[in-house]
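K.L.:
For reference, the structure I am asking about is given below.
Values quoted throughout were computed directly from the atomic coordinates according to the rules given, and no laboratory measurement underlies them. For clarity, every value in this text was computed on a predicted model and none was experimentally measured. Cβ coordinates were reconstructed from backbone atoms using ideal geometry, including for glycine residues, and neighbour counts include every protein chain displayed.
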Amino acid sequence: MKNNEETHRAGKYLVETDWLEKNLGDPNLRVFDCTVIADLNPDQNAKFPFAFESGRARFNEGHIPGAGFLNLLDELSDKSSELLFPMPPVQQLVHTLAKAGIGEGTHIVLYGTAEPIWAARVWWMLRAVGFDNAAILNGGWAKWSAEGRSTSIDACSYSPARFTAHPRPECFVAKDDVLAAINEDGVRTINALPPMMYSGEGVAVFGRKGRITGSVNVPFGSLHNPDSGTYLPVDQLRDKFDVVDVGEAERIIAYCGSGIAASNDAFVLSLLGYDNVAVYDASLAEWGYDDQLPMEAG
């Protein structure tokens, strides 16, 4: 029974390229490129080690026919914060989504031209405001274009929609929640960064080396097929999290550098049926620079 339920959820949360191509003419379908391009920050004195660029220019060079673009660097972040990509106020997010054409009666498909984590981030934000009719294109733009499917440079023509938020504040947590969770046996805190960053090997990336004390590691990249970029089969995804004993957790908290990679872990956990998942939005961009907050390495 569990396998059947997981397969059903996978079909709801993920769509394949052939399905999308067949359904591009659906008047209720909305497709969005969510790309952000990340690179090492050339400013060695900058607080954060990565520099980010909107993927809009890449989108303008070619995208899935009819698709729109959602800008995580602008309308989908709280610009009043000094942190990276924080969840914006609900009303700001609702306005942006409605203007883009997301709302009642629409079915949303998200994709990226770089890492799949950007689409997962938008998916998680939609979940946080109660919109559940969204899916990620499995394999994203890389798979779509590799298969020779049609592309376009035409501007998006989606009409504005009516979006009613049903906020789920439990989808995000703050540092005090994470700090309290260190001593709670019922909480499993998951670091979604690559193993070397988790262990603290190499240079410090977010202020200090290592991870939040007591956290375990499920790297976001380990959830994908390295050749196609698609998500692993459901049974393999479950194995990734079974190894770190999430099954008995009363609550699961995912974090990373700035809440993006963590959203990918949170997306997969939701696909697997876990409804007790939260993302520490500020992640190490906040925690790593506060010497009063415990970290460990090795």
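K.L.:
Name the lysines eligible as straight-distance cross-link partners of LYS240: C-alpha to C-alpha under 17 Å, and not fewer than 8 places from it in the same chain.
P.N.:
Of all the lysines, those that pass the test against LYS240 - Cα under 17 Å, at least 8 places apart if same chain - are LYS2.
K.L.:
Fewest Cβ neighbours within 10 Å first, please rank THR189, THR213 accordingly.
P.N.:
So the ranking, lowest neighbour count to highest, is THR213, THR189.
K.L.:
Let me ask something else about it. Under 11 Å from the Cβ of PRO49, count the other residues' Cβ atoms, weight Lys and Arg +1, Asp and Glu -1, and hand me the total.
P.N.:
Overall, the nearby charge balance is -1.
K.L.:
State whether the range 170-296 is rounded, prolate or oblate according to the following rule on the C-alpha gyration tensor (a ≥ b ≥ c being the square roots of its eigenvalues): a/c under 1.5 gives rounded; otherwise a/b larger than b/c gives prolate, and the remaining case gives oblate.
P.N.:
Because a/c hits 1.5 or more and a/b fails to exceed b/c, the range 170-296 counts as oblate.
K.L.:
Which net charge results for the neighbourhood of GLU16, defined as the other residues with beta-carbon distances under 11 angstrom from its beta-carbon, given Lys and Arg at +1 and Asp and Glu at -1?
P.N.:
Once positives and negatives cancel, what remains is -1.
K.L.:
Using only Cα atoms, figure out Rg for the range 1-154 and give it as a multiple of 2.2 N^0.38 Å.
P.N.:
1.08
K.L.:
Another question, then. For a footprinting-style exposure proxy, rank HIS63, HIS166 by other Cβ within 10 Å, fewest first.
P.N.:
HIS166, HIS63
K.L.:
Can I ask one more? Hey, in the GNM for the chain with a 10 angstrom Cα cutoff, which one of ASP177, ASP132, ASP39 fluctuates hardest?
P.N.:
ASP39
K.L.:
Positive end of the dipole of the chain, charges at C-beta (+1 Lys, Arg; -1 Asp, Glu), about the Cα centre: which of VAL90, GLY66, GLY257 has its Cα farthest in that direction?
P.N.:
After comparing all options, I get GLY66.
K.L.:
Under a Cβ-only charge scheme (Lys and Arg +1, Asp and Glu -1), can you give me the dipole magnitude of the range 110-207 about the Cα centre, in debye to the nearest 20?
P.N.:
About 340 debye.
K.L.:
Follow-up question, since we're still on this one. Using the count of nearby Cβ atoms within 10 Å as a rough guide to exposure, how do ASP185, ASP33 rank from fewest to most?
P.N.:
Going from least to most buried by this count: ASP185, ASP33.
K.L.:
Now for a different question. Where the only charges are on Cβ atoms (+1 Lys, Arg; -1 Asp, Glu), what is the dipole of the chain about its Cα centre, to the nearest 20 debye?
P.N.:
Value, rounded to 20: 520 debye.
K.L.:
Considering only DSSP beta bridges where both residues belong to the chain, give the percentage that are antiparallel (nearest 5).
P.N.:
The antiparallel fraction comes to roughly 30 percent.
K.L.:
Got a sec? Charge dipole of the range 23-163, +1 on Cβ for Lys and Arg, -1 for Asp and Glu; which of LEU76, LEU24, SER54 is way out at the positive end?
P.N.:
Farthest towards the positive pole: LEU24.
K.L.:
Rounded to the nearest 20 Debye, what is the dipole magnitude of the range 2-168 about its Cα centre when Lys and Arg each give +1 and Asp and Glu each give -1 at the C-beta?
P.N.:
So the dipole magnitude of the range 2-168 works out to roughly 380 debye.
K.L.:
Give or take rounding to whole Å, what are the principal axis extents of the alpha carbon atoms in the range 13-72, in descending order?
P.N.:
49, 24, 17
K.L.:
Please report, in cubic angstrom per residue, the volume enclosed by the convex hull of the alpha-carbon atoms of the chain.
P.N.:
Looking at the chain, the number lands at 134 Å³ per residue.
K.L.:
What does the helix-only formula give at 222 nm for the chain: each DSSP H stretch with n ≥ 4 adding -39500 (n - 2.57), the total divided by the residues, and the result rounded to the nearest 500 deg cm²/dmol?
P.N.:
That comes out to -8500 deg cm²/dmol.
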